Every structure is written in C-alpha cells, then in structure tokens.
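Input: a single structure, listed below in structure tokens.
The numbers here are math on the coordinates, done by the rules we state, and not lab data. It should be emphasised that the depicted structure is a prediction, and the values quoted were computed from it without experimental measurement. Positions of Cβ are generated from backbone atoms using ideal geometry, with glycine treated the same way; all protein chains shown enter the neighbour counts.
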Amino acid sequence: MLENAKAMLEKAKIEKYAVPHFNINNLEWAKYILETCAYQRSPVILGVSEGASKYMGGYNTVVGLVKGLIKDLQISIPVCLHIDHGSSFDTCKKAIDAGFTSVMIDASKYSLEENIKITNEVVSYAKENNVTVEAEIGHIGGSEDELSSDIAYAKTDDIIKLVNETKVDFVAPALGSVHGLYKGEPKLDFDRMLEISKKVNIPLVLHGGTGIYDEQIKKAISCGICKININTDLQIVWSEAVRKFLDNDKKVYDPRKVICAGESAMKEKIKEKIILFGSNNKY
Ligand code: 13P
C-alpha cells in the first residue's frame, strides 16, 4: 500500500528500529526492493532523487511504475514514495501533484532563515495533500569531498528552531555522515544525535548509510534515528555481479539476463540492511 511516512516512522520510533530508505533507479530496483521488503515484512521508503526521476522519465512515470508494481506483485507492506533531496518548492510540488506520498526539501545550503522559509512553503502544500516532509540541516558530505572540509555538523539550536517553526514530520541533521564511500572512518556525533532526538521528539534521519559500521548503525538507532538512507551499497553489489556475469559470458545480449544478473546480490544486501535496522517482521 502506498502511504506517507508518518505512521511507519512513528511506529519505528516507539519500537526502536529504523525504516529502510532505498534509492531506486529503475523498474528492477523498485521490484527487487519491494519483493524483498514484502518477504521480510518490513516497511519501506522508496527514495527518488531528482536525477533518478528524470532518468526514469519523470515523476508521473515513477508513480505509475511503483503503483503498478504494488498492485501486480500484491505488495501488502506499507510503502512510501519519497523525493530524496528535493532542491526547491517547485520540485516538491511537481512530485506531490504526480502522487508522491512524501518529500524531502533540502534547503540546507541556504541560511537558517531561508531554509525555514522554503521548508515552510513545502510543508504547507504537502499538508494539504497528506504528504509528509523531511528537512535537512547542516551539510551531509559527498564522496568526492574531503571529509573534514565538507561536512558541516548541524547545531542543536538550529534544528530545534527549524522543527518548531516548520512542523516538519522528520529531520535529517548532518552529524558526520557522507553520501557514497567514506574516505577514512565515519565520525558520527552520537551525543548530539541523542540530545537532538530528545529535544525535537520527531523521527531523525541518517543519510549516507553506506559504509557506516554495523555497531554505529545500531547506536544511531538507539539515539533516535528512525530512517536510514541507502543508495551506494546497492549500486556496488549490483554492478559487481553484472560485471562478473558479463566477463563470464561474452555472448549474452538479452537485457533481462544482464540486468537480472545483479538481482540476488541486491536482494541479499537489502535483506542484510533490513535485519540490521531491525525492521523485519513488523507488519
Ligand atoms: P549512500 O549512497 O551513502 O548509501 O547514501 C544514500 C543517501 O543518503 C540518499 O539520500
């Protein structure tokens, strides 16, 4: 069932586990994720970046694809379709109008006041449409950047202000994680994570889930993280399996065989994350 992220994240917060957010890139990604989460009885958030949405044809195509899969595969776990790092009100509005059930407005590159202003515009439109909203504050680094120079840890007071003044449903405070592979050790500020969680009392989101050690993931969940975003991990296992398959068979040309060569590796990784996050057997 396609729904917003409110109930699934509230349940995760109370029962102390994290709902997996997996980024999708195409039909197969969505299918493998839905099938594995349904088998594990885990709720799931399908994250779609602006780039991935464009790649798939646009917001309407993505909504149609996901709704079609849910119906044809008879998926009965809660599924949320979420814009990942929406860069403007316009992006979020287009996604909401197409049928996305949740959006992230990432106005973290602006001043706090500007971030609050843009986030408020999105929240107001989203609420009218029963859509949940995630905001970001601080700066989550990228794999191409140097760890020390790129990450800006979110300040507790700024987060409290943003949450109080916007009434977002969940928030992603930058606390040391990066998107993609880490150069060196992930350094997450767990003390601040716990402090923020206690003070804002809404579900917290951890971006850059790839490369964070299992023990750190568990600690993050105990400090209030209720949604963990995974993208690169699935891309790596899929491409490794497909590369191996093509190396071993120089004559294959059926695209279904090529793409499906990564299916079991992806499903294995998805299952591993669900079990690590503790979201299995919840529905
Ligand atoms: P990774 O690519 O590091 O798994 O991060 C995904 C993410 O945070 C998407 O928003």
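The value obtained for the chain, namely the Cα convex hull volume divided by the number of residues, is 122 Å³ per residue. Taking N as the residue count of the range 1-74, its C-alpha radius of gyration divided by 2.2 N^0.38 Å amounts to 1.12.
Based on C-alpha pairs under 8 angstrom that are at least 6 apart in sequence, the range 18-151 has a relative contact order of 19 percent. Counting neighbouring Cβ atoms within 10 Å and putting the fewest first, the residues Arg192, Arg256, Arg243 line up as Arg256, Arg243, Arg192. The string of couplings for the range 99-107 from the Karplus curve (6.51, -1.76, 1.60, θ = phi - 60°) is x, 4, 9, 7, 9, 10, 9, 9, 9 Hz, one whole number per residue in order, with x for Gly and Pro. For the range 184-283, what class follows from the C-alpha gyration tensor (a ≥ b ≥ c being the square roots of its eigenvalues): rounded when a/c is under 1.5, otherwise prolate if a/b is larger than b/c, else oblate? It comes out prolate by the Cα gyration axes. For the chain, averaging the sequence separation of C-alpha pairs within contact (under 8 Å, six or more residues apart) and dividing by the residue count gives a relative contact order of 22 percent.
Shown for Leu27, Leu181, Leu46: other C-beta atoms within 10 Å of each C-beta, ranked fewest to most, produce the order Leu181, Leu27, Leu46. What does the charge add up to near Phe277, with Lys and Arg as +1, Asp and Glu as -1, over the other residues with Cβ less than 12 Å from its Cβ? Summing Lys and Arg as +1 and Asp and Glu as -1 gives +3.
For the chain, the longest principal axis of the C-alpha atoms and the axis of helix 89-98 are separated by about 50°. Whole-percent P(r), the range 70-154, all Cα pairs, 10 Å bins from 0: 17, 39, 28, 13, 2.
Report, in degrees rounded to the nearest 10, the 0 to 90 angle that the Cα long axis of helix 6-15 makes with the longest principal axis of the chain. Taking Cα atoms only, the helix is inclined about 80 degrees. For the chain, the longest principal axis of the C-alpha atoms and the axis of helix 156-166 are separated by about 80°. With K and R counted +1 and D and E -1, the other residues having a Cβ less than 13 Å from that of Lys6 yield a net charge of +1.
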